[in-house]
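K.L.:
Got a structure here, written out as structure tokens. Questions coming.
Values in this text are rule-based calculations from the coordinates and carry no lab data. Remember, it's a predicted structure, so these values are computed and weren't measured experimentally. Methodologically, a virtual Cβ is constructed for each residue, glycine included, from the backbone with ideal geometry; neighbour enumeration extends over all protein chains shown.
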Amino acid sequence: MSATASDDAALRRAVLEALQRIAPEISPSEIAPDVPLRDQVDLDSMDWLNFLVALHAKVGVDIPEADYAKLATLDQLLAYLKAKRASASHTNGA
Amino acid sequence: MIEFKLPSLGAEMDQGTLLEWKVKPGDPVCKGDVVAVVDTSKSAIDVEIWQEGTVYELVHAIHDTVPVGGVIARLLEPGETAEHAEAEKRRIAAAVPVPAQAAPAPQAIAPLSPTPTQAAPPAAAERRRVSPAARVRAQALGVDLARLAGTGPQGAVTLEDVEKAATAKAPSPVDRALAMRAAIGAVMARSKREIPHYYLATDIPLARATQWLAQRNEGRPVTERVLLAALLLKAVARALARFPELNGHYRDGAFAPGAGIHVGVAISLRQGGLIAPALLATDTLPLDELMRRLTDLVARARALTLRSSEMSDATITVTNLGDQGVDLVQGVIYAPQVALVGFGRPSERAWVENGQVVAMPLVTASLSADHRVSDGHRGALFLNELSQRLQQPERLDEKP
């Protein structure tokens with residue numbers, strides 16, 4: 001099954017909700033998708049870890065530490081999560 | 001009979017406002033139980049009791065402002081009767097110095113006309129004069145009586161005062177931010193006025209520590225990974241074992257070494273401000289447990305739900321500006337503590353090793369310490385010990 005535009009929007013919403021749980025002061029509409037998140041939102045290493053924990057709970061993807069560097073911007077993060085979910089459903093035969 | 005007094009809630013807190021009782025007369029309590037929630041300018045704090053007994057009476061009502069050290073509840077010791085407690089109360093009340101106008105009695109005789117409860121001044125004196133109707137209304141409207149200036153007789157808070165305050169309203173976030181800023185200012189001003197600080201700093205190579213952590217975290221689910229911040233706290237706690245003069249409190253002209261190593265963790269709050277609750281017995285915690293406690297402590301500090309022991313027991317503070325920070329922090333000691341350890345941003349910098357210039361992850365660790373208790377020489381040895389500890393990260397997870 002190919003991901004639809006509405007799947008993409010739902011993923012984006014889930015990511016922004018997880019981010020807002022950690023940083024309640026942000027307004028999701030103001031997050032630039034191509035600027036590193038940590039340049040826009042005050043996230044220390046504990047906040048980042050909590051963000052990933054929340055993402056894991058919402059989206060079901062456990063991001064290994066080695067991949068953190070690839071996930072600077074919102075766009076990168078969304079593309080990464082989409083790819084991980086696609087490969088997970090592929091290996092599950094779903 | 002046990003007189004349960006409001007414990008210290010941190011250096012800058014000399015009073016608290018009762019928000020909630022978690023117990024009622026007749027309830028049994030054990031060591032570590034939370035008996036009340038008290039509001040300070042920084043946080044709502046769960047007040048723990050460290051004795052065992054049965055709640056006999058609650059001395060203060062919700063919204064009362066109580067000084068640190070004021071009796072807030074009385075408890076029966078295991079096996080004690082109510083009659084015995086009443087006798088004890090009378091004995092304690094009689095022992096309270098008689099007010100100046102009364103001639104000192106040659107022998108301790110229970111005063112006849114003022115009843116013992118009236119004669120016990122610490123609790124009674126701190127009670128706000130509030131009309132009963134005003135108190136009920138304040139509770140209903142969520143108005144904090146402690147912040148109200150009364151316009152009634154002898155400064156009593158009237159129903160009108162409460163209703164005026166409720167309509168003016170919106171005291172919460174702005175008030176708390178202002179109060180917190182004032183509290184931080186007061187304790188830092190006192191620290192800078194009274195403590196002869198000296199400052200040291202050194203660069204610590206982190207290659208081994210970060211590699212070891214990365215290997216340890218590899219394959220672990222996100223909920224079980226350990227941050228460098230936790231490893232740094234552990235290293236500080238371990239290094240302190242040989243430097244008791246950096247761990248403890250300076251009070252009344254003398255230094256008292258800490259009974260344990262309880263590292264206070266400076267946590268910045270998103271809405272502004274700072275709070276430094278303690279990770280109790282930091283040196284004894286296995287790394288995974290330390291990480292769990294740190295995560296929990298940060299979450300509760302930000303949700304403003306901390307425990308009284310966390311607010312009062314820190315024996316040193318660590319401030320970690322983290323990877324969004326700057327290279328060096330020269331901190332202000334959190335009196336009555338005698339030292340503060342700071343970590344700047346870990347980053348790759350040029351480093352000479354075995355005659356070669358290499359790119360090395362480094363962190364600049366700093367020490368601010370109290371010259372009344374220690375000297376720069378010992379402080380320097382401590383920072384070197386800290387650096388050595390971080391070169392053998394695997395040993396930080398072993399039992400001491």
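K.L.:
Using a Förster distance of 51 angstrom, determine the FRET efficiency expected from the C-beta separation of B:Glu289 and B:Ala82, and round it to 0.05. Please report the intermediate quantities before stating the final value.
P.N.:
Working: r = 42 Å, r/R0 = 0.83.
That pair, B:Glu289 with B:Ala82, gives E of 0.75.
K.L.:
Let me ask something else. Ignoring solvent entirely, what values of log10 I(q)/I(0) come out of the Debye formula for chain B at 0.10, 0.11, 0.14 Å⁻¹ when each Cα is a single scatterer?
P.N.:
Log10 I(q)/I(0), no solvent term: -0.79, -0.91, -1.25.
K.L.:
On to the next question. Which distance in nm do the two modelled labels at A:Ala72 and B:Thr305 give, with both placed 7 Å along the Cα-to-Cβ direction?
P.N.:
Result: 3.8 nm between the two label points.
K.L.:
Can I ask one more? Could you check the simple spin-label distance between B:Ala259 and B:Ala241, using points 7 Å along Cα→Cβ, in nm with one decimal?
P.N.:
2.1 nm
K.L.:
Now a separate question. So what is the relative contact order for chain A, in percent, with contacts set as C-alpha pairs under 8 Å and at least six apart? Before the final figure, lay out each step's value.
P.N.:
Working: 58 pairs, mean separation 28.3, N = 94.
With pairs under 8 Å counted, the relative contact order is 30 percent.
K.L.:
In 10 Å bins starting at zero, report the fraction of Cα pairs in region B:197-397 per bin as a rounded %.
P.N.:
9, 36, 38, 15, 2, 0
K.L.:
While we're on this one: With N denoting the number of residues in the protein assembly as shown, provide Rg(C-alpha) divided by 2.2 N^0.38 Å, to two decimal places. Don't jump to the answer; show the numbers that get you there.
P.N.:
Numbers: Rg = 27.1 Å, N = 494, 2.2 N^0.38 = 23.2 Å.
This ratio for the protein assembly as shown stands at 1.17.
K.L.:
Anyone know which of B:Val35, B:Val187, B:Val352 comes out most mobile in the 10 Å Cα GNM of chain B?
P.N.:
B:Val352
K.L.:
Within straight cross-link reach of B:Lys192, meaning Cα distance under 25 Å, which lysines are found once same-chain residues fewer than 8 apart are removed?
P.N.:
B:Lys42
K.L.:
Separate question: In peptide B:319-326, how many Cβ atoms from other protein chains are near each Cβ within 10 Å, on average? The partial results should precede the final answer.
P.N.:
Numbers: counts 0, 3, 1, 6, 5, 8, 1, 0.
Per residue, the average neighbour count from other chains is 3.
K.L.:
Considering every residue in A:63-69, what mean count of other chain Cβ atoms within 10 Å of its Cβ is obtained? Present the calculation step by step, with values, prior to reporting the outcome.
P.N.:
On the way: counts 1, 7, 9, 3, 0, 0, 0.
Counting Cβ atoms of other protein chains within 10 Å of each residue's Cβ and averaging gives 3.
K.L.:
If you don't mind, another one. Report the calculated FRET efficiency for A:Ala83 and B:Glu52 (r = Cβ-Cβ distance, R0 = 45 Å), to the nearest 0.05.
P.N.:
Values: r = 57 Å, r/R0 = 1.27.
After rounding, the FRET efficiency stands at 0.20.
K.L.:
With each label point set 7 Å from Cα along the Cα-Cβ vector, what nm distance links B:Ala186 and B:Lys164?
P.N.:
2.4 nm
K.L.:
Straight distance only, please: which lysines reach the Cα of B:Lys24 with their own Cα at less than 22 Å, same-chain residues fewer than 8 apart left out?
P.N.:
B:Lys5, B:Lys89
K.L.:
Continuing with this model, one more query. Please give the FRET efficiency for B:Tyr199 paired with B:Glu394, using the beta carbon to beta carbon distance and R0 = 22 Å, rounded to the nearest 0.05. It would help to have the intermediate numbers written out before the result.
P.N.:
Working: r = 31 Å, r/R0 = 1.42.
The formula returns an efficiency of 0.10 here.
K.L.:
Please compute one quarter of the surface area of the Cα convex hull for region A:5-91 and express it in square nanometres.
P.N.:
Values: hull surface 22.3 nm².
So the Cα hull casts an average projection of 5.6 nm².
K.L.:
Taking beta carbons within 10 Å but only from partner chains, what does the mean come to for residues A:46-52? Walk me through the intermediate numbers first.
P.N.:
Details: counts 12, 5, 4, 8, 4, 1, 3.
Counting other chains' Cβ atoms within 10 Å and averaging over A:46-52 gives 5.
K.L.:
Under 19 Å from the Cα of A:Lys82, which lysines turn up, not counting those fewer than eight places away in the same chain?
P.N.:
Straight-distance partners of A:Lys82: A:Lys58, A:Lys70.
K.L.:
Of the peptides B:327-337, B:194-204, how do they stack up when ordered by the mean number of other Cβ atoms within 10 Å, highest first? It would help to have the intermediate numbers written out before the result.
P.N.:
Values: B:327-337: 19.5, B:194-204: 16.2.
The peptides rank, most packed first, as B:327-337, B:194-204.
K.L.:
Ok, one more. Angle between the Cα long axis of helix A:45-59 and the longest principal axis of chain A, 0 to 90 degrees, nearest 10?
P.N.:
The helix A:45-59 is inclined about 30 degrees to chain A.
K.L.:
Using a ≥ b ≥ c from the Cα gyration tensor of region B:143-287 (square roots of the eigenvalues), is it rounded, prolate or oblate, where a/c under 1.5 gives rounded and otherwise the larger of a/b and b/c decides, a/b for prolate?
P.N.:
Details: a/c = 3.07, a/b = 1.81, b/c = 1.70.
Cα axes put region B:143-287 in the prolate bin.
K.L.:
Relative to the present Cα-Cα distance, how much length would full extension add between B:Leu178 and B:Leu269 at 0.36 nm per residue of separation?
P.N.:
That works out to 31.4 nm of additional length.
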